[in-house]
1. Measure up Lys193/Lys265; Lys265/Lys286; Lys121/Lys260; Lys260/Lys289; Lys193/Lys260 against 19 Å on the Cα-Cα distance and list the ones that go over.
2. Could you calculate the contour length gain from Ala164 to Glu77, that is, 0.36 nm times the residue separation minus the distance between their Cα atoms, to one decimal place in nm?
3. Viscosity 1.567 mPa s, temperature 4 °C: Stokes-Einstein D of segment 185-301 from its Kirkwood Cα radius, in µm² per second?
4. When only DSSP loop residues count, what chymotrypsin sites (Phe, Trp or Tyr not before Pro) in segment 1-47 have their Cβ near at most 14 other Cβ atoms within 10 Å?
5. Just to confirm, what accessible area per residue do you get for segment 208-311 at 1.4 Å probe, in whole Å²?
6. Starting at 0 and stepping by 5 Å, how many percent of the alpha carbon pairs of segment 72-171 end up in each bin?
7. Once you have the alpha carbon radius of gyration of segment 75-133, what is it after dividing by 2.2 N^0.38 Å, with N set to its residue count?
8. Could you provide, to the nearest whole Å², the per residue accessible area of segment 40-82 with probe 1.4 Å?
Amino acid sequence: EDLANRFHADGTPFVHELPAVSEISIPNDCPACGSSLIFEGAFLKCNELMCDARVSRSILYWCRALEMDGIGEKLVEQLLDSDLISSIAGLYELNQNQLTSLERMGDKSAKNVLRELERTKQMTLGKFIHALGLPGIGPELATLFASHVNNLDGLFQWLDSAHAIIGDEKFGPELNDLGKPHKTNLAIRDLCKHDGIGEKVAIQVRDGLEQRRDLIVQLVQYLILNDEPEIASTGSFEGMTFCITGTLSQPRKTIQLMVKNAGGKVVGSISSKLSVLIAGENAGSKLAKAQTLGVEIWDEDLLNQKLNSGEKQITDEQSEEKSANAQRTLTDF
């Protein structure tokens, strides 16, 4: 009906016969593996990790996240159909003869594929976590989580702790500051202290990693995972912890970046250890709690003043150091 009395770009009327209107039939089972489909928001998903379609997409996601050239959808399908691989880990077991046995895969192309695989055998933990394709976990969050656990051993320790029973003495007290039972254990709550990570996301990280635990164990046989590098900072906010709340004139991520570039750390919750709460309009409960705890509160104008004065101080110090170095050099002569 929407096309009735419409015209093509060249001005001629649209006169084609349209198909009969019918309702869209929503499938109950995955067409690739037959598993039951579930709704997640607006999406209809298959949660079976061993589903052929999901395996294919996970391998493609890995290759694209690591920016591999020469490994596209068609090659991945060929590798799976030929039973040369069954997961991401299988990529790192491929050899020249196996690749050249595939249709339209010559020696040069095979060597290029092996070269790309060799190049990606070493990476940071954050890049590794991102490339696994955990639901809802992008590169920024993957890097943040990697810095939280520091290394692969820390990842497995956190994962085990994140499944701990609430109230276990090993993982923290059972009651929160209000005397009510916590909904999640200490490992989950610690991760939620980072700005941008809430309980739902933390549980997504936990469950996504747990589902891929066997794959991670397989992959680390072939890979070298470097610890996530710490960002060295000598800014005016070094050693200070910030929380941001309310509506600001700039996007929240922009404010976070400004603080981090000045050496500050951004967290998502209010505590007595917090250095500063940056409060915009409609700050709400976080502002009230910060006032109760005696936390210093800045508005956006004061933040900009502090940032600008910090930049000026650093510039002045650099000028003094440069002048002193010049004087020492002249004295040496």
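1. Over 19 Å apart, Cα to Cα: Lys121/Lys260; Lys260/Lys289.
2. On the way: separation 87, 0.36 × 87 = 31.32 nm, distance 3.94 nm.
Between Ala164 and Glu77, full extension yields an extra 27.4 nm.
3. Working: Rh = 16.3 Å.
It diffuses with D of about 80 µm²/s by this estimate.
4. Hits after loop and neighbour filter: Phe14.
5. Computed with neighbouring chains in place, this is 57 Å² per residue.
6. Going out from 0 Å in 5 Å bins, segment 72-171 shows 2, 11, 16, 17, 14, 12, 11, 8, 5, 3, 2, 1, 0 percent.
7. 1.19
8. Using a 1.4 Å probe on heavy atoms only, each residue of segment 40-82 averages 57 Å².
The values are calculated or read from the model by the stated rules, or taken from the named source; none is laboratory data. Small disclaimer: the values here were computed from a predicted structure and weren't measured. Every residue, glycine as well, gets a Cβ built from its backbone with ideal geometry; the counts of neighbours run over all protein chains shown. Note: areas computed on protein heavy atoms with side chains; ligands, DNA, RNA excluded. Shrake-Rupley method; radii C 1.70, N 1.55, O 1.52, S 1.80 Å.
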